[in-house]
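Comments concern the structure below.
Coordinate-derived values only; no laboratory data. It should be emphasised that the depicted structure is a prediction, and the values quoted were computed from it without experimental measurement. Cβ: placed from backbone, ideal geometry, glycine included. Neighbour counts: every protein chain shown.
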Amino acid sequence: MLPPAPSPIIASLLVVDDNIVQRIQVVALCRELGIEMIYEAASGAEALELLSLLVLPPDVAIVDLEMPGMDGIELIERLHERRLAIPLIVVSGREAVLIDTVETMARNLGIPVVAGIRKPLSKEALVAALEGWDRERAGPATAADRAALPPIDPGELAAAIASGEIAVHYQPKVDMARGDVCGVEALARWTHPRLGPVGPDRFIEVAEQQGLIHGLTMAVLRQAFGAAARWRADGLHLTLAVNLSPRLLDDPSLVRELSQLLDEHGLDARRVVLEITENSVVDCMGVALGVLARLRLKGFRLSIDDYGTGFSSMQQLARIPFTELKIDRAFVHGAAQRTNLRVILTSALDMSRQLGLMTVAEGIETLPDWQLVRDSGCGVGQGFLVAKAMPADELPRWIEAHEARLRELGTGE
């Protein structure tokens, strides 16, 4: 049975392909899926001319790469020059690694890419791609988007931290073999009274630059430890992962502070995972290495976060007592369809097993990626397919509902 048709919110679509037979086939598939407004172009130049005449750009563009004159790659570059960030489905009969390269190029130019598909384009592949359209629109802001946002006032952030305005949400982490919830990651959230929701990538950077990161981290830890203590009292025993800024590692008193806070809530350090990003540990020297070693002595688990995005991964694993390797979503999302990502993912998992590290895959957003991560032997997974981050009081109810989904995920049988 085919998956359901894409959301009717996709009102218009542009097909760019010089092969008239293939273009007609794609148009017919789109009409079958309920998309009524479909534009056609036989070349990149024709597509640009058409777009210049439209009052509103199409919701999605399906672009073939191999076309005479202006090919699909040049068309994407021209869309960037004209500031037309139309979500793209890149199609080609060429090798998958070439399609992957073009996807990466487009995203680096600030153009959303819904999917990359090898020809011939099937109805199943098109449905799966269009279903990803809403997820792409709701994705993280680009650097250009963030630059256009109003700046964060450090004084307002300091006041928000002091008044308890910074909330903590929790994203579930599940055992990939059984599917049951084994832990959560604590994530800071701030709803500004004037600006609305402010992403952590914005206010955490300000906190680090303005000397507020210690207060912010302790505020998050107090909330998170309190929630963990309440869950434990209700019989819910979960590991708790918390991000730790590298700015804190040069202070030896951090170990004492964390240990005292842990004792206040009656928690076991072995159930707390401190996540340190791979890039941030490059400069860990002297005092910072001592702090990390002492945290391990106290029983805290250490996770190298965003693994695969840094430049000296092996060196960090060799010199810091990590207990967990967390594979960045860039190597998880879409790995089921992209050979190069799949090779990197499985290689990281193989290495982790040989080093005796727990493995966590983040960014699991599709069932094929879930199945790949599970079948590759990864221990723990998290991502939108499992759940988004949620307030502490919603977690127990979500866990009850999640148990009914285990068969859907191919577990719990």
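DSSP beta bridges confined to segment 148-403 are antiparallel in about 40 percent of cases. Amide hydrogen proximity for Lys173: with H placed 1.01 Å from N in the peptide plane, the residues at 5 or more positions away or on another chain lying under 5 Å are Cys182, Gly183, Val184, Glu185.
The amide H of Gly379, built 1.01 Å from its N in the peptide plane, has Thr359 as neighbours under 5 Å, considering only residues 5 or more places off or on other chains. The slack between Arg230 and Ile20, meaning 0.36 nm per residue of separation minus the straight C-alpha distance, is 69.3 nm.
Ranking of Cys182, Cys378, Cys30 by neighbouring Cβ atoms within 10 Å, starting from the fewest: Cys182, Cys30, Cys378. Using a Gaussian network model of the chain in which every pair of alpha carbons under 10 angstrom is joined by a spring, one finds that among Asp18, Asp251, Asp175 the greatest mean-square fluctuation is at Asp251. Relative to its residue count, segment 231-278 spans a Cα convex hull of 77 Å³ per residue. A helix-only calculation puts the chain at -13000 deg cm²/dmol for mean residue ellipticity at 222 nm, using -39500 (n - 2.57) for each DSSP H run of at least four residues, averaged over all residues. Each of Asp251 and Ser52 was given a label point 7 Å from its Cα along the Cα-to-Cβ line. The distance between the two points is 5.8 nm.
With neighbour counts taken as other beta-carbon atoms within 10 Å, the residues Asp59, Asp268, Asp328 rank, fewest first, as Asp268, Asp59, Asp328. Applying the Karplus relation 6.51 cos²θ - 1.76 cosθ + 1.60 with θ = phi - 60° to segment 102-108 yields 3J(HN,Hα) values of 5, 4, 4, 4, 4, 5, 5 Hz, where x marks Gly and Pro.
Taking only the C-alpha atoms, wrap a convex hull around the chain and report its volume per residue in Å³ as a whole number. Present the calculation step by step, with values, prior to reporting the outcome.
On the way: hull volume 65.7 nm³, N = 413.
Spread over its residues, the Cα hull of the chain gives 159 Å³ apiece.
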